[in-house]
Amino acid sequence: MADSMNDIMHPGSVHDEQFPNAPQNWVRADAERIASREGIELTDDHLEVIRALQKLMVNNQDPAIRQIHDALEEHFHSKGGVRYLYKLLPEGPVAQGCRLAGLKAPPGSTSASFGSVQ
């Protein structure tokens, strides 16, 4: 039986309850494959970045890079904010985080001024 209206509308779609805002047909294994290729071992904090990005993107149509950056900074403030995020995702929390989350990175997220490259 279908778990949601999305499943009814898109037969064969995959839904992971741990990632309620994930793009259609994105699964955690996608993030694990990309992370492995990029030399990252996913931790709970990586998965939290993925969840935060997916939620932000589903709730905001085309958010600006600064909005995403600031939201991540706030979300991870207690752990060190952006500095901590760059330790987790050295190619940039927005650009690399979006790749892991199955999301299209916003324009400018691969700019050297944000410390990220693709």
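The values are calculated or read from the model by the stated rules, or taken from the named source; none is laboratory data. Bear in mind that the values here come from a model prediction, so they are computed numbers and not experimental data. Neighbour counts are summed over all protein chains in view; Cβ atoms, including those assigned to glycine, are modelled from backbone coordinates with ideal geometry.
Quick look at the numbers
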{"quantity": "Candidate set from the stretch 35-55 (those that are of a type in the set (A, V, I, L, M, F, W, C), in contact with a helix residue (DSSP H, G or I) (Cβ under 6 Å, 6 or more places away or on another chain) and closer than 20 Å to GLU73 by Cβ); member that is surrounded by the fewest Cβ atoms within 10 Å (Cβ to Cβ)", "calculated": "ALA52"}
{"quantity": "Long-range neighbours under 6 Å by Cβ, at least six apart or interchain, first residue of a type in the set (Asp, Glu) and outside any helix (DSSP H, G or I) within the stretch 90-118, second surrounded by fewer than 15 Cβ atoms within 10 Å (Cβ to Cβ) and modelled with pLDDT under 95", "calculated": "GLU91/VAL117"}
{"quantity": "Residues (loosely packed, with under 15 Cβ neighbours inside 10 Å and not in a loop (DSSP other than H, G, I, E, B)) located in the stretch 71-80", "calculated": "GLU74, HIS77, SER78, LYS79"}
{"quantity": "Single match in ILE40, ILE68 (criterion: among the aliphatic types (A, V, I, L, M), within 17 Å of GLY97 (Cα to Cα), in a loop (DSSP other than H, G, I, E, B) and modelled with pLDDT of 90 or more)", "calculated": "ILE40"}
{"quantity": "Conditions (1) among the small types (Gly, Ala, Ser); (2) assigned to a loop (DSSP other than H, G, I, E, B); (3) at pLDDT 90 or above; number of the one not met by ALA52", "calculated": "(2)"}
{"quantity": "Meets criteria (under 13 Å from the mean Cα position of the chain (by Cα), free of Cβ contacts under 8 Å to residues at least 60 places away in the same chain and surrounded by fewer than 17 Cβ atoms within 10 Å (Cβ to Cβ)) for GLU32", "calculated": "yes"}
